[in-house]
Each structure stands twice: as C-alpha cells, then as structure tokens.
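The values are calculated or read from the model by the stated rules, or taken from the named source; none is laboratory data. None of the values given here were measured: they were computed from a predicted structure. Counting neighbours? That spans all protein chains shown, and the Cβs are built from the backbone with ideal geometry, glycine included.
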Amino acid sequence: MASVDALEFRDWVNSPFAEEPIVDGPFVEETMQPSMATGDACEDAGLPICRAITDQCGLPSLPPQVISGVIYQGGKLLVTGASKSGKSFLLIELAVAIAVGGKWLGFQCRKGRVLFVNLELQEPMFMRRVFDVCNSLCLGDGAVGDNLDVYNARGRYTDIRDLVNDLTKHCEAGHYDVVVVDPAYKVQSGSENDADSITAFCAELDRLAEALKCTIAYSHHHPKGNQGNRDALDRGSGSGVFARDADAIIDMTELDCDDQSGNGKPFRLEFVLRDFKEQAPREAWFVYPVHVVDESGALSTCDYKGGKSTKKRQGEKLKQLETKLDEFMGDYDEVPRKDFVAIAGMGERTVSKYLQASKRFEIVSDVNSSTIRRRKD
C-alpha cells in the first residue's frame, strides 16, 4: 500500500497544475539513477554541450582584450550617465581610440575596425563631433583610415530586432571588431522598467555580437534626480537587467567641485567588470569635445553633484579651514590672504568661497591688499 506522502504526491501530479497526469496504477517510489548521457550524446541531439575542462593544458584560449583590463572581444560594454552628460562623446572617443590603437580614459585599446550606429544625431552634427574629437586628440588626416565607419540611422528604427536584422544581413562576420549602438533607448521598443522587454533587448545584442563576431558598446541614461548615493551598478534607468546583463559597465556621474582648473565639467567614472579585477574609479574633466583624465588627483575627494552629503562635506571643509587658520594666525587678528593661501593646499578662489560662509573669519580687500581677519563678536 502506498504511503500517505506518495498518495498526496500522486494527487498533486494528477491535478490540473501538472502538465501530464500519472497513469492509474500502484504508485512505486523509485530511486533516481544518474543519467548516462554524455556531452557527445547531447550534442548529437542538437545541444552544444561539452565536457568541463579540468586540465590546464586543454583550456581554450581567451579572446583578445579590446580595452585592456575592461572588456574582451565578443563582450558587451554599457556606458551609463545622465542625459546630456557626454555619453555619446565618450563613445566617439572610444571608437577613435580603437580605430587608431590608442588609449581611452587611460586604458590601452586594441586596434581594430569600428562601426558606429548613430541613432540620435543628424548626420552633419555627428560627423562634426567625430572631426572635433580627432582634431582635439591631434590626429591628422587619415589617422583613423578605414577603421571607423558610421551608420547614420536617426529615425530609421524603433525596435532593436529590426536593426540587428539589417546589420547581420549587410555586414560580414568578423569585418568589424566593435559595433557601437548609441543610444539604446532609440531601439528599445518595450518599457525600460519591464524585465522581459529588456531581457529580449539584451538577447538581440547577444545575437548581433555572435553573428558579427564583435564586441558591442552601447549607452543608457540615468533616471532624473541625483544618483550619486546609489551603487554604480544600479544607476541606470529602468530594469536592473540592463546592468546585470552587460559584461562591463562604465558609469559617469558629475561631481560637485570647487576647483575649476579643468575648465569643464568634472565627472567620476566607475567600473563594474565581470571578467576582470576591479578597477579604481577615474575622474575626468569633460572639456569639449573630449574627456581629460585628472592626473593630479584634485577631483578624487569631490562628492557627486547634488548628493545629500555635499552640504555636510562643505561644512567639514570649512571647519578644517578654520582650524588651519587658527594655527596659522596664532595671536594675530589678521594675516595677508596670499600668505595663508600658500600653505592652505587649495586655490585662492576656493579659500575665498569657503570663508564667505564662515562666522569666525572674513576677507577684507582694498586696491593694494587682501587680508583675512577674525570677525568681531
């Protein structure tokens, strides 16, 4: 006689929730035997299954690194950032760096052929951007050569499947090392918040990478509002599938910085990498039309623009500045501003900006001099 558990199991399997009911008859509990199917047997059935390789000598060779320490050939690179933050410029810089075998954000790129699918800009504007980037990088005529092609497709597509179908139809496998799709939202037919729609979108990028034997680079935007207090992985708008699908993510977020020596917008670029060790964030100035890496380290202590910690950070810096002033002034009630600036570790304008908010010190200037004085109660 079958046990109660067995009867309950049979009743469940024979319920409408089960795909195939168990035929009537005595229920026999059996111990499952390990399958004898091999990788070869599965492959014969149409599945490309192979045995695991545990011998180091038998390991397959890794594909070449398109961006050293960031992405392999055949992978997917996602650039995220706020709208109008310069994502397209960053991808143009990448395309040019690969075309000439140069560096991008300090990373060495492997020379190769690039197809840039421009979905957003009118052709004259886009071509001008490419020219401006090459000119800013001091690349002469012909430096890019035949290694950078552009497909100006603004207004032609609303669905990634149609774009991938056209590219796989007209481009030979292996002809391009990298295909840039910019921006993603132009061919994103479903809601960006719908995980199934984004999964389908990413699957089409996989199909493109496999068909053309290339790396895919594409851009995606941040939602509105400050994103600096979120993890770089989660700053992209919509479904988390965007971030979790990519092999490498480079997120760019604007910084709140008092130092204007870069004469541009300051950004922090953070890396989320699947196949490589963690890379330290890199700060850069966007000085039209290129991003210039901050080699001085001046931006490394800056917080994200609009972050909740900005006001707190400024208050802490003011306290530090006031403490340093107390030590520098000693028993004096005033000192020349230039003398304090020389030992303060920050620029003259930055010192002046912080002291404007100070309740203990003030700057008094005339035609010939500028001094810092203790405020009188």
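Restricting the range 356-377 to residues that are in a loop (DSSP other than H, G, I, E, B) and in contact (Cβ under 8 Å) with a residue 24 or more places away in the chain, which is surrounded by the most Cβ atoms within 10 Å (Cβ to Cβ)?
In the first step, residues of the range 356-377 are kept if they are in a loop (DSSP other than H, G, I, E, B); the result is 357-360, 366-369, 375-377.
Checking which are in contact (Cβ under 8 Å) with a residue 24 or more places away in the chain leaves us with 357-358, 360, 369.
Values: A357: 9, S358: 16, R360: 13, S369: 10.
It comes out as S358.
Looking at (1) part of a helix (DSSP H, G or I); (2) under 23 Å from T253 (Cα atoms); (3) without any contact (Cβ under 8 Å) to a residue 60 or more places away in the chain; (4) among the hydrophobic types (A, V, I, L, M, F, W, C), which is the only condition L121 fails?
Going through the list (1) part of a helix (DSSP H, G or I); (2) under 23 Å from T253 (Cα atoms); (3) without any contact (Cβ under 8 Å) to a residue 60 or more places away in the chain; (4) among the hydrophobic types (A, V, I, L, M, F, W, C), L121 breaks only (1).
Taking into account only those residues within the range 222-250 that are crowded, with 23+ Cβ neighbours inside 10 Å and hydrophobic (A, V, I, L, M, F, W, C), which is modelled with the lowest pLDDT?
F242
Mind listing just one residue for me: the one in the range 124-155 that is surrounded by 12 or more Cβ atoms within 10 Å (Cβ to Cβ) and of a type in the set (D, E, K, R) and, of those, nearest to S68 (Cα to Cα)?
Taking the candidates together, the pick is D149.
Would you check which residues across the range 125-175 are closer than 18 Å to G86 by Cα and in a helix (DSSP H, G or I) and list them?
Answer for the range 125-175, where residues must be closer than 18 Å to G86 by Cα and in a helix (DSSP H, G or I): M125, F126, M127, R128, R129, V130, F131, D132, V133, C134, N135, S136.
Return the only residue of G102, G86, G106, G81 being under 20 Å from D294 (Cα atoms), surrounded by fewer than 15 Cβ atoms within 10 Å (Cβ to Cβ) and touching a strand residue (DSSP E or B) at 6+ places or on another chain (Cβ under 8 Å).
Values: G102 fails: surrounded by fewer than 15 Cβ atoms within 10 Å (Cβ to Cβ); G86 fails: surrounded by fewer than 15 Cβ atoms within 10 Å (Cβ to Cβ); G81 fails: surrounded by fewer than 15 Cβ atoms within 10 Å (Cβ to Cβ).
One residue alone meets the criteria, G106.
Just checking, how many residues over the range 342-355 are assigned to a helix (DSSP H, G or I) and either in contact with a Ser or Thr (Cβ under 9 Å, 6 or more places away or on another chain) or farther than 18 Å from Y332 by Cα (or both)? It would help to see each step written out before you state the result.
Filtering the range 342-355 down to residues assigned to a helix (DSSP H, G or I) leaves 342-344, 348-355.
After this cut, where a residue has to be either in contact with a Ser or Thr (Cβ under 9 Å, 6 or more places away or on another chain) or farther than 18 Å from Y332 by Cα (or both) as well, the list is 344, 348-354.
Selection size over the range 342-355: 8.
Output yes when any residue across the range 92-108 is in contact (Cβ under 8 Å) with a residue 24 or more places away in the chain, within 14 Å of the chain's Cα centre (by Cα) and outside any strand (DSSP E or B), and no when none is. I'd like the intermediate steps shown before the answer.
First pass over the range 92-108, keeping only residues in contact (Cβ under 8 Å) with a residue 24 or more places away in the chain: 92-96, 98-100, 102, 104-108.
Still in the list and also within 14 Å of the chain's Cα centre (by Cα): 94, 104-105.
Retained after the next criterion (residues that are outside any strand (DSSP E or B)): 94, 105.
Yes, the range 92-108 contains a residue that is in contact (Cβ under 8 Å) with a residue 24 or more places away in the chain, within 14 Å of the chain's Cα centre (by Cα) and outside any strand (DSSP E or B).
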